[in-house]
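These notes are about the structure you will find just below.
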Amino acid sequence: MILLLLKRIGFMLFTMVVVSIILFLLLETGLTGDPATRVLGNFASDQQKEMWRDQHGYNQPTMVRYAKWLGNFATGNLGTSIRYKGPVKEVLLPRLWNTAILGFWTFAIMIPLSLILGVLSGMKEGSILDRTISVTGILTTSVPEFASAVFFSALFVFGLKWLPGTSSMAGGFEFQQLILPAMVLVVYDFGYVARMTRASMAEVMTSQYIRSAVLKGLPYRQVIIKHALRNALIAPFTVIMLQINWLLSGVIVVEFFFAYKGFGALLLEASLNNDIALLEACAMVAVVVAVSSQTIADIGYTFLNPRIRFS
Amino acid sequence: MTTQSKTQMPSVGVGAAILRVIKSFGLLRESWVGMIGVFLVLFWVIVAIFAPLIAQFDPNAAIQPFAKPGVVAASGSTFWLGTDHLGRDILSRIVWGSRTVLLYAPLATLSAYTVGILMGLMAGYRGGLVDDILSRISDIILSFPVLVLYIIVIATIGASGMNIVIAITFASSPGIMRIVRGLVLDLRNRDYVAAAQTRGESDWRIMLFEILPNARGPLIVDACLRLGYVIITIGVLGFLGLGLPPPDPDWGGMVNETRQMAMVFPHMTLFPCIAISSLILGFNLLADGLREISLRD
């Protein structure tokens, strides 16, 4: 058990290091174009570029630079943003907080919704309710986030005039502005989680121990709640944890669309403006969050599943 | 004689496999969900093929800005879906845009599948160190949030059709590899594989002609789903301004260019969104229908 834990954490650290090497090679070396040109633009003279390289230590050997770069990252020195003319850390932290709020509400709505729908359709596979839920799931998963954002805006903002169309929170935090972004994310993702829950539930429902519970005359409600759900909800736990990875992609589109001042919009802005230090920091944060949530999912799964826990 | 039979064998195998695939699509008639999917996909394929005949206007020509749907142009043709802020006919742009999507999405999927299948076959059949290395690489790539990966790759190699194909191949072949690997692990201990090994067939021959055709079922379903995802990706990249360079029509890009005016001119954004959603829905329903049929046998 402890060995497994250490293995998982070891792999997590290994992944982060490899990812940092990939990021460094892509953004900081000449592999995909000169970084000096990327920062200074196409019209900078060779002399200017040389000066810039010298100033920012680009003329040192690649290995040395990588070690320094990683060291800076590990000690929390994320560099300066060109666009915001300030330390990346100060730009990044409030944005991360905003995205955390959005993510929290998205999950707070999506998890109960998709679990209930998944369990309901998995209870009786092939029933009309099951078919309706799964076709609805396919339908909502087929609409890309930007398209559902357009549809919802057309309906709730321009049509019914219930909700504000942008979520920049310019006049302080307003819960109303959070509704549309969260709704778009929930609608896109709940179908997938519901489908996974359904598969898990359906598998449990065909197992021998449920059959014997039904046959010995237990009330159906008790069979579902006490016997089936315990096993059926182990797999969705992993699926939900993995949705954090997906959410990091989803927030980019949604925050860009609704002008929400979050982390996803910042990452996109950094990439469109060639703000390399900011882009690196955002990408590293995204990967760290993604990899840690995967590790937690794996470890949590072993804890929840007695068959693995006691072996 | 022996050389002849050797050269004929694969062609017969491939022919039969294709025939079986067509037959399984024929079975789709039994699933109404699958039939709707086929209809939606075929609709857009036909639109893409006959784009020059359907589109009344040049998709990049600025004719009459801010026309509402149904306005008649000076030339006598109607802007059925209106025009955008630059005066380009939206219907023509959607029609020509279907070509872009239906060119790059299958191309990217095919390329990802080629890489993913080769990696999966190697990892599953050879096992050992090859498997370890390939699996670790794919674990690492899959641990990236997808869109973050796309943004970084596109930001560094630039936005163009070919680069989108490269980025999608890079990001989705590990997922395909995992599926193929799992299927191969199941299939490689079958009798017909052992028979081929005793016949002295080469590893690649066994992988490509004995194992792969038998793994096709789940792969076809996954390919349909993945085509849907790839279309979403291309649309999202276009929407984020990282897609194909303007002015050629691209559904995601159309939404990006006009979304600031959506309040006054909702038609500019609504129609491209309906177009892309219906095509993705088509592939997803098709995948669902195919899965239902494959479970039935």
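The values are calculated or read from the model by the stated rules, or taken from the named source; none is laboratory data. Remember, it's a predicted structure, so these values are computed and weren't measured experimentally. We place every Cβ from the backbone using ideal geometry, glycine too, and count neighbours over all the protein chains shown. Remember, those area values only see protein heavy atoms, side chains included, never the ligands or the DNA or RNA. Shrake-Rupley method; radii C 1.70, N 1.55, O 1.52, S 1.80 Å.
Points worth noting:
- Working note: Debye formula, equal point scatterers on the alpha-carbon atoms of segment A:242-311, no solvent; log10 I(q)/I(0) at q = 0.12 Å⁻¹ is -0.43.
- Solvent-accessible heavy-atom area per residue, rounded to whole Å², over the protein assembly as shown at 1.4 Å: 47 Å²
- Peptide A:145-158 has a mean shielding of 6, counted as Cβ atoms of other protein chains within 10 Å of each residue's Cβ.
- Relative to the longest principal axis of the Cα atoms of chain B, the long axis of helix B:128-143 lies at roughly 20 degrees.
- Under 5 Å between amide hydrogens, built in the peptide plane, is the criterion, and for A:Ser81 it picks out A:Gly86, A:Val88 among residues at least 5 positions away or on other chains.
- In segment B:203-262, Cα pairs under 8 Å separated by at least six residues give a relative contact order of 22 percent.
- Rounded to the nearest 10 Å², the accessible area of B:His85 at probe 1.4 Å: 50 Å²
- Of all lysines in the structure, the ones whose alpha carbon falls short of 20 Å from that of A:Lys216, not counting any fewer than 8 places away in one chain, are A:Lys124, A:Lys226.
- Mean partner shielding of peptide A:241-249, defined as the number of other chain Cβ atoms within 10 Å of each residue Cβ, is 3.
- Proximal charge balance of B:Thr269 [Cβ under 12 Å; K/R count +1, D/E count -1]: -1
- Accessible area of the protein assembly as shown belonging to carbon and sulfur atoms, whole % at 1.4 Å probe: 68 percent
- Normalised contact order of chain A, rounded percent, pairs of Cα under 8 Å and 6 or more residues apart: 24 percent
- Residues in segment A:251-276 that a label on A:Lys68 would reach, taking backbone N under 18 Å of a point 7 Å out along Cα→Cβ: A:276
- For the chain pair A and B, the interface hides roughly 3800 square angstrom of accessible area in total, found with a 1.4 Å probe.
- Cα-based shape type of chain A, given that a ≥ b ≥ c are square roots of the gyration tensor eigenvalues and the cut on a/c is 1.5: oblate
- Selected from B:Arg181, B:Arg29, B:Arg199 as most flexible by GNM, with chain B as the system and alpha-carbon contacts under 10 Å: B:Arg199
- Distance violations [Cα-Cα > 24 Å] among A:Lys49/A:Lys89; A:Lys68/A:Lys89; A:Lys161/B:Lys68; A:Lys89/A:Lys261; A:Lys49/A:Lys85; A:Lys7/A:Lys89: A:Lys49/A:Lys89; A:Lys7/A:Lys89
- Shielding value for B:266-276 is 4, the average number of Cβ atoms from other chains within 10 Å of each residue's Cβ.
- Helix A:2-28 and the longest principal axis of the Cα set of chain A meet at an angle near 40°.
- Centre separation in Å (Cα based) which lies between segment A:265-311 and segment A:64-142: 9 Å
- Near the amide H of B:Thr78, within less than 5 Å, lie the amide hydrogens of B:Ala73, all on another chain or at least 5 residues away, with H placed in the peptide plane.
- For chain A, built as a Gaussian network whose Cα springs stay under 10 Å, the top-fluctuating residue of A:Ala108, A:Ala67, A:Ala228: A:Ala67
- Full-extension gain in nm, A:Ala259 to A:Trp52, via 0.36 nm per residue minus C-alpha separation: 71.2 nm
- Zone residues, segment A:144-159, relative to B:Lys68, backbone N less than 17 Å from point 7 Å out along Cα-to-Cβ: A:158-159
- A viscosity of 1.002 mPa s and a temperature of 20 °C, combined with the Kirkwood radius over C-alpha pairs in the Stokes-Einstein formula, give the protein assembly as shown a diffusion coefficient of 81 µm²/s.
- Taken one residue at a time, the phi angles of segment A:198-209 give Karplus couplings (6.51, -1.76, 1.60, θ = phi - 60°) of 4, 4, 5, 5, 4, 5, 4, 4, 8, 6, 5, 6 Hz. Gly and Pro are set to x.
- The share of Cα pairs per 5 Å bin across chain B, counted from zero up to the longest distance, runs 1, 5, 10, 13, 14, 14, 12, 10, 8, 5, 4, 2, 1, 1, 0, 0 percent.
- Label point distance in nm, A:Ile2-B:Thr114, each placed 7 Å from Cα along Cα→Cβ: 5.1 nm
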